[in-house]
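Here is the structure we will look at, set down as structure tokens.
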């Protein structure tokens, strides 16, 4: 067990907080250079963030981001890069929407409809990720490359399938799957002062987070998974079948990725259409990095991302391009990984110092001091 | 998180029997490929397969892909994986729009290149100096760059004449040149509809008439890369950083410096690709790259981390891109080409004694053949996925022929042996 000292807590916090401050500074400089007022921008965002509607939308966005982040984190924990969460989520949402909206579903009991829809979404996500997993274990194809390719294929295949599943959306040029009727929808929670509701499936996200925590820190499977991520050779030596772990974790990651679209599909959209957001998988990567694959850390990061995204919508009205938030998010991701690396090096140096002192030889080689 | 990923399932490439293929073999293979395409054209009647119009469109589409691929090649040859190519390309498109509408296409080209190089510098600082995982840094750049481009677009193009929130004012096209005296003669030949001859004429005409200076520049850069990386001491040192950085360092190569050169250069190539894309579609638009950075990466893998192979890959992917705009008959004929390609792979793998892979390839080939035989057209939505499907198939069925740089994607820190 690690001891929870003040020093350890500070070291854990310094990287994310430092990255946030740095990103805010960079954005302030950009705003000043482009003749905007940083203070005015912050004010507009803070004002917007306090509106009940923005809060609800932020929480809803965070639900999607969190699920996506957990999907990414399952891979990250064992050194697998599932860049393909994006494609897995879109394939899953599309097919699940087509299934849930089908006419034969209308007369079935609500619980059955919702459960089968969610299970189908997980199965589709897992299957799409499974292609990358099989290529990895049988042919050694890098999952980074194969999932990038599968994302693109999902885009085109999605268009093709949508054109065949779709019905016109009333009152717009958009097309979508047949809307899910009332019995198949998941009711949301009311929030005072807001017309939009909190997704009912926010509970699903919480459950996924709890299961993720339990599996990772309390089961043999989670241990094997993390061990494989830290040292493949050591894991093999202790009897872990890396092939099987790759297959399982990729399928699991894809299964969770399949859930990403569910809160929105069953909670508010009720139909998969062309305007379903792309890029959720990449947001998941950012959130997982910022939250260090930790269930609670990722929840905080997802909320931050949700608030940033939703309060940015007021910026265009204030005359500041809202993409300043996208820039900020990008800078956060880049600087947080750099900060984690610097903290890691610092810890190594402290450890070397400590060992050096304990052994009675405090003179360190020059190269260590230069690290 | 450490770099490199898991090594499970990776097959190491055995040493090649015999030497490398000689020049005339390549010529024979190229002729054979044209013959096959020509035959498919005769069988299907899809004349657009080899018309000069298609070839010219394919060339235009291939150039940005090839530049992105070259960007990937420079970085990965020095051992740094760059999936931020897409983002750097986006920066290039914006730069070309910004400078292009004010000072002309060449200024746009230079500005796009510089912005791409800036993206490369960011990647280099993160990966080389700070030892951040290459994939993560690339993802971050892909998040950052489109946001930055759209921010700048709203800032500088909204009130410009002919511009908008998400697009730049029009940019002039770069000048075009033709080889004198060929156009009409080749055009006549092309219309004769002779086996092989008309196809070759169409190909030549597409490659020699009204060619953009940008395309010529790209071709020169391709050859230049081949020369610099494989024929100069600088290139040898750079590649040694991608194969065995520790050994290189011990022989006096400043690995960090070479990685910086390579990654900044990589960004410059990607930016150039973006700039060419924007100039040849006469403005910057938000979302213009449409994943071409990733296709460039795919072209590089398809080309086995070599400039020549990369050019073939870019040409092939540019060709499928161009086909999307042609008639559905031509698109449908692509299925037959894919089936033939798979059967060739099956035969080669069978000869090499890999019966399982050969069977999988054969089954897939027959399936595509059946798809061709039992349908009359291929849905246009699916055509765009061709580059990605082909790359996956190559990776799945012919990966033992691929040989990436040995230390590709590994984090290198001076004084640590990894």
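A few remarks follow.
- Along each principal axis, taking the top coordinate minus the bottom one, the Cα set of the range A:236-284 gives 49, 19, 13 Å in descending order.
- For the range B:32-175, taking Cα atoms only, Rg and Dmax work out to 19.1, 57 Å respectively.
- Normalised by residue count, chain A yields a Cα convex hull volume of 186 Å³ per residue.
- Among A:256, A:42, A:336, the largest mean-square fluctuation in a Gaussian network model of chain A (Cα springs under 10 Å) belongs to A:42.
- Rh by Kirkwood over Cα pairs, then Stokes-Einstein D for the range B:352-397 at 1.002 mPa s and 20 °C, µm²/s: 178 µm²/s
- Size of the range B:188-282 from its Cα atoms: along the principal axes, largest to smallest, the extents are 63, 33, 15 Å.
- Which of B:302, A:112 has the fewest Cβ neighbours within 10 Å, and the rest in rising order: A:112, B:302
- Normalised per residue, the volume of the convex hull around the Cα set of the range A:90-178 (Å³): 106 Å³
- Kirkwood hydrodynamic radius over Cα pairs of the range A:6-147, then Stokes diffusion coefficient at 37 °C and 0.692 mPa s, in µm²/s: 170 µm²/s
- Percent breakdown of C-alpha pair distances by 10 Å bin, ordered from the shortest bin, for the range A:223-311: 14, 34, 31, 15, 5, 0
- Rg/Rh ratio calculated on Cα atoms of the protein assembly as shown (Kirkwood radius): 0.96
- The range B:167-211: radius of gyration and largest Cα-Cα distance (Dmax), Å: 14.4, 45
- Kirkwood-based shape ratio for chain B, expressed as Rg/Rh from alpha carbons: 0.98
- Going from the fewest other Cβ atoms within 10 Å to the most, the residues B:44, B:375, B:215 appear in the order B:375, B:44, B:215.
- Rounded D (µm²/s) - the range A:222-371, Kirkwood Rh over Cα pairs, Stokes-Einstein at 10 °C, 1.306 mPa s: 81 µm²/s
- Averaged over residues, the count of other Cβ atoms within 10 Å places the peptides A:182-189, A:126-133 in the sequence A:126-133, A:182-189, highest first.
- For the range B:239-327, the fraction of alpha-carbon pairs in successive 10 Å shells from zero, as %: 15, 35, 31, 14, 6, 1
- Rg to Rh quotient for the range B:89-154, alpha carbon positions, Kirkwood Rh: 1.06
- Calculated over the range A:108-155: convex hull of Cα atoms, volume per residue (Å³): 75 Å³
- With neighbour counts taken as other beta-carbon atoms within 10 Å, the residues A:270, A:36, B:134 rank, fewest first, as A:36, A:270, B:134.
- Cα pair distances in the range B:310-418, grouped into 5 Å bins until the bin that holds the longest one, percent each: 2, 11, 17, 19, 16, 12, 8, 5, 4, 3, 2, 1, 0
- Counts of other chain beta carbons within 10 angstrom of each beta carbon in peptide B:380-392 average 6.
- GNM flexibility winner over chain B from B:359, B:281, B:51 (Cα, springs under 10 Å): B:359
- Residue with peak Gaussian network fluctuation, chain B [Cα springs, cutoff 10 Å], from B:356, B:110, B:37: B:356
- Dividing the summed -39500 (n - 2.57) terms of all DSSP H runs of n ≥ 4 by the residue count of chain B sets its mean residue ellipticity at 222 nm at -22500 deg cm²/dmol.
- Its Cα gyration tensor gives the range A:147-240 an equivalent ellipsoid. The semi-axes, each the square root of 5 times an eigenvalue, are 40, 25, 11 Å from largest down.
- Report summary: the helix-based calculation at 222 nm, which adds -39500 (n - 2.57) for every DSSP H run with n ≥ 4 and divides by the residues of chain A, gives -23500 deg cm²/dmol.
- For the range B:372-418, the spread of Cα positions along the three principal axes, ordered from largest to smallest, is 62, 22, 10 Å.
Throughout, read-outs are computed from the coordinates displayed, never taken from laboratory work. As the structure is a prediction and not an experimental result, all values here were calculated from the model. Here the Cβ is made from the backbone with ideal geometry for all residues, glycine too, and neighbour counts use every protein chain on show.
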